[in-house]
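The values are calculated or read from the model by the stated rules, or taken from the named source; none is laboratory data. Nothing here was measured: the structure is a model prediction, and the numbers come from that model. A quick note on method: Cβ atoms are made from the backbone with ideal geometry, for glycine too, and the neighbour counts reach across all protein chains shown.
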Amino acid sequence: MSYNRYPYELPALPYPYNALMPYIDTETMHYHHDRHFQTYVDNLNAALKPYPVLQRLQLEQILRRGNLLPAEARTKILQNAGGVYNHMLFFEGLSPAAEGRHEPQGRLAELINKTFSSYQNFQKLFTDQAMEVFGSGWTCLAMTAQQQLKIVNLANQETTLAQNAVPLLLFDVWEHAYYLKYKNARADYLAQLWHVVRFLEFR
Ligand code: MN
């Protein structure tokens, strides 16, 4: 079993389920991690079961080479591989508010200031763009192959890897990420999420 190769398994949360209170409630964490994330893992394993060659690829290789996947299984594999990849990074990128690891550091902080004028302005632009996601999807800060930062919206379980860009911050904007606590108030969820997110390492 592995987190990045078949057969995939669900990574444990790196913090307790109640660690993000009051910004993300315990019940949402259980449903989101144990049910939704687990379902993507299970469905990805099922989709890859008939394809031994694809089982040997790492998760990121599958997502970068979507056009090479067998046509009859491409959509199912990409949707579920994307769901596994996005959720892995989303939960890895959450951090209890008390740990104070939420602002970008070092070179990333400099790049954000250079690209978006200030961290505060970046937060505003990112939040505004997350409000624009129609239906289910994600908002992501990504580093392009040209080493430029960009804020992108991803529909459903698309990933930035298909655009050859590396995610540094991911907000899950699917209703399952916030509906139990925030109901339809996506703006409230987004405002509170900033208290418990952290930026991912450059990879
Ligand atoms: Mn989700």
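For ALA145, indicate whether it is among the small types (Gly, Ala, Ser), away from the ligand (no atom under 16 Å from the Cβ) and farther than 15 Å from PHE199 by Cα. Here the answer is yes, as ALA145 does meet what is asked. Does LEU78 satisfy the criteria of being buried (at least 20 other Cβ atoms within 10 Å of the Cβ) and over 18 Å from the mean Cα position of the chain (by Cα)? No, not satisfied.
Of all the residues in the range 97-127, those that are part of a helix (DSSP H, G or I), out of contact with any strand residue (DSSP E or B) (no Cβ under 9 Å at 6 or more places or on another chain) and not hydroxyl-bearing (Ser, Thr, Tyr) number 12. Listed conditions (1) under 25 Å from LEU63 (Cβ atoms); (2) of a type outside the set (Gly, Ala, Ser); (3) within 16 Å of the ligand (Cβ to nearest atom) are all met by TYR179, apart from (1).
Looking only at the range 128-157, which residues are surrounded by 15 or more Cβ atoms within 10 Å (Cβ to Cβ) and out of contact with any Phe, Trp or Tyr (no Cβ under 8 Å at 6 or more places or on another chain)? Result: GLN129, VAL133, ALA142, VAL152.
Of all residue pairs spaced 6 or more apart or on separate chains, none has beta-carbon atoms under 9 Å together with a first member in the range 179-203 that is over 23 Å from ALA98 (Cα atoms) and charged (D, E, K, R) and a second member that is at pLDDT below 95 and in a helix (DSSP H, G or I). Could you figure out which of (1) buried (at least 18 other Cβ atoms within 10 Å of the Cβ); (2) in a loop (DSSP other than H, G, I, E, B); (3) more than 15 Å from the ligand (Cβ to nearest atom) isn't true of MET21? It fails just one condition, (1).
Selection over the range 171-203 of residues that are within 21 Å of TYR119 (Cα to Cα) and in contact with a His (Cβ under 9 Å, 6 or more places away or on another chain) gives a count of 7. Counting residues in the range 11-18 that are surrounded by 14 or more Cβ atoms within 10 Å (Cβ to Cβ), within 30 Å of LEU190 (Cβ to Cβ), more than 16 Å from the ligand (Cβ to nearest atom) and modelled with pLDDT of 95 or more gives one or more. Just to be sure, is LEU89 in contact (Cβ under 8 Å) with a residue 12 or more places away in the chain and within 16 Å of the ligand (Cβ to nearest atom)? So LEU89 passes the test. Look at (1) in a loop (DSSP other than H, G, I, E, B); (2) of a type outside the set (Ser, Thr, Tyr); (3) away from the ligand (no atom under 13 Å from the Cβ) and you find that VAL133 fails only one, number (3). Among the residues that make up the range 120-127, is at least one of them over 21 Å from ALA185 (Cβ atoms), loosely packed, with under 13 Cβ neighbours inside 10 Å and not basic (Lys, Arg)? Scanning the range 120-127 turns up at least one residue that is over 21 Å from ALA185 (Cβ atoms), loosely packed, with under 13 Cβ neighbours inside 10 Å and not basic (Lys, Arg).
For the range 27-65, the tally of residues that are assigned to a helix (DSSP H, G or I) and away from the ligand (no atom under 16 Å from the Cβ) stands at 14. Scanning the range 158-171 turns up no residue that is of a type in the set (Asp, Glu), without any contact (Cβ under 8 Å) to a residue 60 or more places away in the chain and either surrounded by 13 or more Cβ atoms within 10 Å (Cβ to Cβ) or in a loop (DSSP other than H, G, I, E, B) (or both).
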